[in-house]
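The structure appears below as structure tokens.
The values are calculated or read from the model by the stated rules, or taken from the named source; none is laboratory data. Only a predicted model underlies this, so the values are computations on that prediction, with no experimental measurement involved. As a convention, Cβ positions derive from the backbone with ideal geometry for all residues, glycine included, and neighbour counts pool all protein chains shown. Side chains included, ligands, DNA and RNA excluded: accessible areas come from the protein's heavy atoms. Shrake-Rupley method; radii C 1.70, N 1.55, O 1.52, S 1.80 Å.
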Amino acid sequence: MTMERAEFEQWKPKEVARLLALVETERRYYQEIVASIPVSLVIVGPNLNAVSANRQFRMRLGKKNSEILGRPIGDLLPIDGLQEAVEQVVNSGIATPKREMKWDGQDVVVTALPLRSWEEDSQAEALVILEEKAQTAAALTPQDQKALSVAASVEGMLWEVDYAAGGITHVSSGAKDLFGFPAERWLSDKSVWGLRVAESERQRVDEFYDQVGASAGTVFSIEFLARHANGQEFLARETVRVFRDAEGKPLRLAGLTTSIAERRELESQHALAVKGEALQRLSAKLAHDLNNLLMIIAGYGEEMKNALPAEHNLHQDMKEILGATERLYSLTTQFQTYTRRPVITPKITSFSALAAQLRGKLETALGPDLSLEINLPAGLAKAKVDAAQIEDAFVLLARHASLAMQGRGTLKLSAENVLRGESIGSSQGLNMGAYLRVTLEGDKAGMWGERLLEPWLEAEGQAREVELGVAAAYQIVRQSHGDLSVDGAKLHLYLPMVSEAELDAERALAATTAVAPPPVVEVAAEEETTLESILVVEDEGGIRALVRKILRRQGYQVIEASNGEEALRLLAEESTKVDLLLTDVMMPGMNGVELSQKALAQDGSLKVLFVSGYTDESVLEAGQFPAGTAFLQKPFTLGSLLGKVREVLDGGAARQAAS
């Protein structure tokens, strides 16, 4: 309500005097309140000169009122960015958010608010509030301080929007980190809200917020392609909470916007890992089944060739058939180069000693024009690995380096102890813990490539063989509970570090097992030699029949079973005497490792020979083979089978794979 001048002139002088006295009293009252506030206040006019200041401000500056009024705010408060912020408030009439600044070497919180003069059509003035940071913190309750601390730690942008007015009323400090626009820009420029979304996504995001306003829900979320101030686009997720009035109309929105680019990348890597694992298992199964058929063809073919006189017209035909099976074997070997898990025997190993033994092999693999530099610091932790297998892995990786560097330059090998607190490594990731990180670094950027472990897709000829070797090296490292990661020209190998507790346990075990050798006892030789009894367990009938035929012809007694359950029943019979258990590893139901463990529990003197062409990681995990057992890798020749059987029965078989 306004009062016309004509109405005011009709008042009596006494009434006017009384009104003016009342106004003056009120003015002094509020002036005293402002003057006593322990916060520095100064009003700045449109020309950016000080119009008024309270007592705290004058005391803080150590100046009289006459020395302050009419002076430019930039001269009174030479604070970086303050004059620009005040000018923005005067011109736009929009408040600036609280900002921390330095004033005379102290931290202060500065706020600028728009004011209007009592005179009509006047320009806006600005009220500048300066609070000591300590005062601001002290004014907060413990709950407030905790809430602010939590909000500041959130990775992303917390924001609040006035739904009716369409303006942003609050953004957190994470706004600048996420989008590149400072907080004051979000509050003063409504267009920034739209700029946060990539142009191709803006219509979809606008439609989403239209649905948010029209629906009756409370919490919503959307994923979209966001845009940084520098033009870079990234995937973002926005979670929104709607606050409504009594009638259900939206009043304001509060939300959190975060980048999900890293999460999407991890999801993509996981999907690739799953596909790779599926392809790996399929290739292994195909190689296994094909090897079984080839062994039957080659085995009976060899029998027929040996039975035919050299001059027989079918003798050469059988040689051609056997030659074809050899070529097929080479194809399955290419499958298995990547899919086969090598059987490893992990031991506590000093990498420094291993590297010294490895130098010669690496230099040979690199070639004459590519030099090798090894730099290992003192105090390297020990790792629990199969030294022979790890040596093979490094040689395979050195061949890749030589190919990528075209046989020239320098390959550097270094190592360090690292403690990882997050998942790292390849697409399969690596568990948190302590590792020995070995780094191979070459001269050529990107020499390890982004698809180091997918060589079969593009490589041909010699390069294909080398890259398949890299895949085999990766399998060795993974089975040792380690991993690989690529960083430009660097390839990092993570090998599990041995703890002090494990070292102490190893020393204690060595001390307790150091016993004197048993005395030599002379035994009279037997007059007759009896042939041993062998239990053959194989689910593939053709291979079982072939092995039975070869062993019986050699003079062994052969019992056969098609699965683990049947084998255990035969072993339990009193009439069954078995010297050697010859079993496939991968069989339906009970696998060969489980069978051997149960068989050895019945008869500890039983000797075991595993055969397999499909070394599945879940079965052949490091250390799962019973001690003293042997292993023969499919495909094998009939001669290698007989030689391995004799070696195990004679008691000299340290477990090893034969190909």
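Quick grid of which residues meet (1) touching a Cys at 6+ places or on another chain (Cβ under 6 Å); (2) among the basic types (Lys, Arg); (3) touching a residue at least 24 places away in the same chain (Cβ under 8 Å):
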site	(1), (2), (3)
THR169	no, no, yes
PHE179	no, no, yes
ARG196	no, yes, yes
ARG202	no, yes, no
VAL212	no, no, yes
GLN232	no, no, no
LEU235	no, no, yes
THR239	no, no, no
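Quick test for you: out of TRP193, TRP186, pick the one residue that is in a helix (DSSP H, G or I), open to solvent by 50 Å² or more (accessible area, probe 1.4 Å), modelled with pLDDT of 85 or more and touching a strand residue (DSSP E or B) at 6+ places or on another chain (Cβ under 7 Å).
Numbers: TRP186 fails: open to solvent by 50 Å² or more (accessible area, probe 1.4 Å).
The match here is TRP193.
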(message) Against the condition at pLDDT 85 or above, more than 20 Å from the chain's Cα centre (by Cα), at positive phi and open to solvent by 30 Å² or more (accessible area, probe 1.4 Å), how does GLY231 come out, does it pass?
(response) yes
(request) Would you mention how many residues in the stretch 576-601 are among the small types (Gly, Ala, Ser), open to solvent by less than 10 Å² (accessible area, probe 1.4 Å) and touching a helix residue (DSSP H, G or I) at 6+ places or on another chain (Cβ under 8 Å)? (result) 2
(message) I'm trying to understand the selection: among the residues of the stretch 366-390, which are in contact (Cβ under 8 Å) with a residue 24 or more places away in the chain, in a helix (DSSP H, G or I) and open to solvent by 20 Å² or more (accessible area, probe 1.4 Å)?
(response) ALA387, GLN389
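Just need a number here: residues in the stretch 250-261 that are among the small types (Gly, Ala, Ser) and open to solvent by 50 Å² or more (accessible area, probe 1.4 Å). Show your work before the answer.
Initial filter on the stretch 250-261 (among the small types (Gly, Ala, Ser)): 254-255, 259, 261.
Still in the running and open to solvent by 50 Å² or more (accessible area, probe 1.4 Å): 259.
Here the count works out to 1.
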(request) Select from the stretch 157-183 the residues that are over 19 Å from ASP206 (Cβ atoms) and of a type in the set (Val, Ile, Thr) and write down the one among them that is least open to solvent (accessible area, probe 1.4 Å). (result) VAL171
(request) Check THR218 against each of (1) touching a residue at least 24 places away in the same chain (Cβ under 8 Å); (2) within 18 Å of ILE94 (Cβ to Cβ); (3) among the hydroxyl-bearing types (Ser, Thr, Tyr) and name the one condition it does not meet. (result) (2)
(message) Taking the conditions exactly as written (surrounded by fewer than 17 Cβ atoms within 10 Å (Cβ to Cβ), over 17 Å from the mean Cα position of the chain (by Cα) and modelled with pLDDT under 90), does GLU460 satisfy them or not?
(response) yes
(message) Conditions first: (1) exposed (fewer than 12 other Cβ atoms within 10 Å of the Cβ); (2) assigned to a helix (DSSP H, G or I); (3) of a type in the set (Asp, Glu). GLU247 passes all but one, so which condition is the exception?
(response) (2)
